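The values are calculated or read from the model by the stated rules, or taken from the named source; none is laboratory data. Note that the coordinates shown come from a computational prediction; the quantities given were computed from them, not determined experimentally. Cβ placement follows ideal geometry from the backbone for every residue including glycine, while neighbour counts extend to all protein chains displayed. The area values use the complete protein model at the heavy-atom level, side chains included, leaving out ligands, DNA and RNA. Shrake-Rupley method; radii C 1.70, N 1.55, O 1.52, S 1.80 Å.
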Amino acid sequence: QVQLVESGGGLVQTGGSLRLSCVASGSLFSLNAMGWYRQAPGKQRELVAAITSGSSTNYVDSVKGRFTISRDNAKKSVYLQMNSLKPEDTAVYYCNLAGGSLRFAWGQGTQVTVSS
């Protein structure tokens, strides 16, 4: 059973930066596309950034140019560098598989709060 542990969230002012980390247990991490998702209060969870096993990346339009996803397969980790944060980025952020319909059990997520 793969476990996902997210960290790095916090409270920042508009324009600030945060770097989120996700560590995955289990094998086959390097073979899978991974993504960062977020869920704001009262909204559905959305995929904001994804990275393939070959490190190709894709972003939702609202974060393009501000967020950067990366991975370290040796550490079974995926990261999300978030710059120029806006209040609308406030959400709980999760990592999980990206692409297809399969998902690991969701971790606890990490709260990001951006004050105006």
Answer with yes or no whether Y94 is at negative phi, in contact with a Cys (Cβ under 9 Å, 6 or more places away or on another chain) and at pLDDT 95 or above. yes
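Conditions tested, residue by residue: (1) in contact (Cβ under 8 Å) with a residue 60 or more places away in the chain; (2) at positive phi; (3) in a loop (DSSP other than H, G, I, E, B); (4) under 16 Å from the mean Cα position of the chain (by Cα).
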site	(1), (2), (3), (4)
G16	yes, no, yes, no
P41	no, no, yes, no
A49	no, no, no, yes
N58	no, no, no, yes
For region 11-53, the count of residues that are out of contact with any strand residue (DSSP E or B) (no Cβ under 9 Å at 6 or more places or on another chain) and surrounded by 11 or more Cβ atoms within 10 Å (Cβ to Cβ) equals 1
Right, S56: farther than 20 Å from T14 by Cα, of a type in the set (S, T, Y) and open to solvent by 60 Å² or more (accessible area, probe 1.4 Å) or not? yes
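Report yes if some residue within region 74-94 is more than 10 Å from the chain's Cα centre (by Cα), exposed (fewer than 13 other Cβ atoms within 10 Å of the Cβ) and assigned to a strand (DSSP E or B); otherwise report no.
Quick first cut of region 74-94, residues more than 10 Å from the chain's Cα centre (by Cα) only: 74-77, 83-91.
Remaining after also requiring exposed (fewer than 13 other Cβ atoms within 10 Å of the Cβ): 74-75, 87-88.
Narrowing the set further to residues that are assigned to a strand (DSSP E or B) leaves none.
No, that holds for no residue.
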